[in-house]
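Following: one structure in structure tokens, then a few remarks.
The values are calculated or read from the model by the stated rules, or taken from the named source; none is laboratory data. The model shown is predicted, which means the values in this text are computed figures rather than measured ones. Here the Cβ positions follow ideal geometry from the backbone for every residue, glycine too, while neighbour counts run over all protein chains shown. Note: areas computed on protein heavy atoms with side chains; ligands, DNA, RNA excluded. Shrake-Rupley method; radii C 1.70, N 1.55, O 1.52, S 1.80 Å.
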Amino acid sequence: MKRMRAETPINFLLAGLLLLVPLAALALEEPFYITLATRMAILALAAVGLNLALGLGGLVSFGHAAFFGIGGYTAGILSTHASNAQPLMTWPIEIGGSDNMLVIWPVAVVLSGLVALVTGAISLRTSGVYFIMITLAFAQMIYYFATSWPAYGGEDGLSLGLRNAFPGINTALPLNFFLICYALLIAALYLFARIRDSRFGTALQAARQNQVRLAAVGISPFPIRLAAFVLSAMMTGLAGSLFADLNRFVSPSMLSWQMSGELIVLVILGGTGRLFGPVAGAMLFVLFEFILGGFTERWQLFLGLILLGVVLFARGGLLGLLAGKVRHG
Amino acid sequence: MAEAILSVRNLRKSYGALTVTDGVSLDLCAGEIHALIGPNGAGKTTLIHQIAGTVKQDGGTIAFLGRDIGGLGVAERARLGLGRSFQISSLAPEFSALRNVMLAVQSQQGSSFHAFRPVMRDPSLTEPALNMLERVGLAGRAHVTAAELSHGERRRLEIAIALALCPRAFLFDEPMAGMGPEGSKSLTGFLNDLRQEAPILLVEHDMDAVFALADRVSVLVYGRVIASGSVSEIRNNAEVRRAYFGEHI
Ligand SMILES: Nc1ncnc2c1ncn2[C@@H]1O[C@H](COP(=O)(O)OP(=O)(O)O)[C@@H](O)[C@H]1O
Ligand SMILES: [Mg+2]
């Protein structure tokens, strides 16, 4: 039973590569590449979250930007209130802002989870195209809400003066911030792997393959899928708060349907349901964005063509190409 | 007669103008195999679906262990102790045979919300599951995905899954189909013993198996039970002969 998965060495390679980029950048005194690698790590984290719902559960959420954006706005709003010392609310209890990541992260995670609980409970009554559309609709509602909320920048977005703080670490240094994001990504991957192989993950994957079978053994698919949707949103929400810190800026574009689409693209590109699919996907995506974006404004057209190729000829994404089919126990 | 574990009364179901279940009443008692036979399209599968909850009846009642289950969902009925096999295999195709059975074992053990312990290294799941595979003769195929199993092997896997639920009643929809004479024979012997664990409502086309196994036979034609009785009563029933067996007997 101790058979190693064919993709394990590839996973280590990807993890090593992502860690190597900023170290090399530092040696070459090219700090921009650290930002690039941080962007990869954060998008990968967001996509690991989506992969839980989409890859394991078969839930094609076209609204995960909502959670990404909620995480982003959580970081933005809390740090704004921390810097201007205005309380966030005064009634029924006074709540102030915070520029501490250890405060911001749990808030981002809990808020994303709560919104997912409500929207998921409604969306999961439907399936197929209807599920895609209803998750999109919820995300669009939140998008329009953000654009019309002048207190926090409306359409223009919200700038964070300084990057939020982490106790004992100077987050203003790009490498430090990268390492924080990288550590969270690795933790999320570990959690994903544990969930995938657990009882819960077994039921979740069974729900994707055959809901009738799952019910026939006495497990109701709905609570399983809802729990997965919520967990998935929490990870993506955490990534969103890091993304706001990376850019020191948050705007409604984080909540846009394009963002939701990008996250789906990352997962499919790397390999749906694969542990490191989102990592491979995010690395490729950011790389394309960087290289092709240097040549042409329309780099997304090329991305579209590549994606078409993946869907038609390499259903397992990049990892599928490299490591072959998934073997479940 | 022993007390009925499963008791269907006046069940009705129509698809548009087509009446598929037309006032069906039947009982399943402890220790027995109750065979349900009838020509193709008679409504046998639809009846099983209604008992299991995958199809909702239009009227009538279904009582299981003295409780009206007609309004419950599929998963709830399974948890109460209805173990079924599907006429058209319904498995998790990407999972191995073993993990398909383990899914049933974990359900039987209670919570599916443990999200940290790897199932493949959990003997409380793998051992009972292997045991069930062994009972249906699939232990050697434990690590083959359900999609790669042969038709007959999938049918046996369905039975292993039902066994793993330790149900109070079995609903088997043509378990012998596609099995070949060898397979049917060994499955017949297996079902013969299984009735001690829980009674079986058995839909089956293989008449040798039905006559060898059934304590009681009900004949369904156009959604209606036209006869119900012991094997010899059914063999000698004129209406059954006319409607169903034709010249065969
Ligand atoms: N979902 C459905 N919609 C319409 N007709 C159906 C449906 N399911 C079954 N039927 C019809 O009901 C009749 C009984 O089918 P079934 O229960 O599968 O019969 P059996 O298992 O005895 O061969 C058939 O005529 C079939 O075409
Ligand atoms: Mg049938």
Karplus-derived 3J(HN,Hα) from phi for region A:242-258 (6.51 cos²θ - 1.76 cosθ + 1.60, θ = phi - 60°), whole Hz, x at Gly and Pro, runs 5, 4, 4, 5, 4, 8, 6, 6, 9, 9, x, 4, 5, 9, 6, 5, 4
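Kindly give the semi-axes, whole Å and largest first, of the ellipsoid equivalent to region B:15-107, taking each as the square root of 5 times a Cα gyration tensor eigenvalue.
Numbers: eigenvalues 123, 60, 39 Å².
After diagonalising the Cα gyration tensor, the semi-axes are 25, 17, 14 Å.
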Looking at region A:297-329, residues buried by 40 Å² or more relative to their chain on its own, accessible surface at probe 1.4 Å, turn out to be A:327, A:328, A:329
Non-local residues with an amide H under 5 Å from the amide H of residue B:84, with H modelled 1.01 Å from N and Pro and chain starts lacking one, are B:171
Sorted by chain and number, the residues with a modelled amide H under 5 Å from that of residue B:43, at a separation of 5 or more or across chains, are none
Check: C-alpha center region A:164-179 vs C-alpha center region B:109-135, spacing in Å is 43 Å
With all protein chains present, region B:1-94 has a carbon and sulfur share of its accessible area (1.4 Å probe) in percent of 50 percent
If exposed means GluC sites (Glu not before Pro) lying in a DSSP loop and surrounded by at most 13 other beta carbons within 10 Å, then the longest stretch of chain A lacking such sites spans residues A:95-296
Amide H neighbours of residue A:97 at under 5 Å, excluding residues fewer than 5 places away on the same chain, with H built from the backbone geometry, are A:82, A:88
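Rounded to the nearest 0.05, what FRET efficiency do residue B:212 and residue A:222 have when you use their Cβ-Cβ distance and R0 = 56 Å? Before the final figure, lay out the partial values.
Details: r = 42 Å, r/R0 = 0.75.
Calculated transfer efficiency: 0.85.
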Proximal lysine pairs in the protein assembly as shown, meaning Cα under 20 Å and 8 or more positions apart or interchain, come to 4
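Over region B:90-166, with the other protein chains present, what is the accessible area per residue in square angstrom, probe 1.4 angstrom?
Working: 2940 Å² over 77 residues.
With all protein chains present, region B:90-166 gives 38 Å² per residue.
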The ³J(HN,Hα) series, computed from each phi in region A:54-59 with the Karplus coefficients 6.51, -1.76 and 1.60 at θ = phi - 60°, rounded to the nearest Hz and given as x for glycine or proline, is 6, x, 7, x, x, 8
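For every helix of n ≥ 4 consecutive DSSP H residues, a contribution of -39,500 (n - 2.57) applies; sum these over chain A, divide by its total residues, and give [θ] at 222 nm rounded to the nearest 500 deg cm²/dmol.
-23000 deg cm²/dmol
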For region A:157-212, dividing by residue count, accessible area per residue (probe 1.4 Å) in Å² works out to 37 Å²
Computed ³J(HN,Hα) along region A:294-299: with the Karplus parameters 6.51/-1.76/1.60, θ = phi - 60°, integer Hz and x for glycine or proline, the list is x, 8, 9, 5, 9, 4
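Would you list B:204, B:153, B:127 from the most to the least accessible area, probe 1.4 Å? Please list the in-between numbers first.
Numbers: B:204 5, B:153 25, B:127 125 Å².
So, going from the largest accessible area down, we get B:127, B:153, B:204.
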For region A:9-63, inverting the pair-averaged 1/r of distinct alpha-carbon atoms gives a Kirkwood value in Å of 12.7 Å
If each K or R counts +1 and each D or E counts -1, the residues other than residue A:315 whose Cβ falls under 12 Å of its Cβ total +2
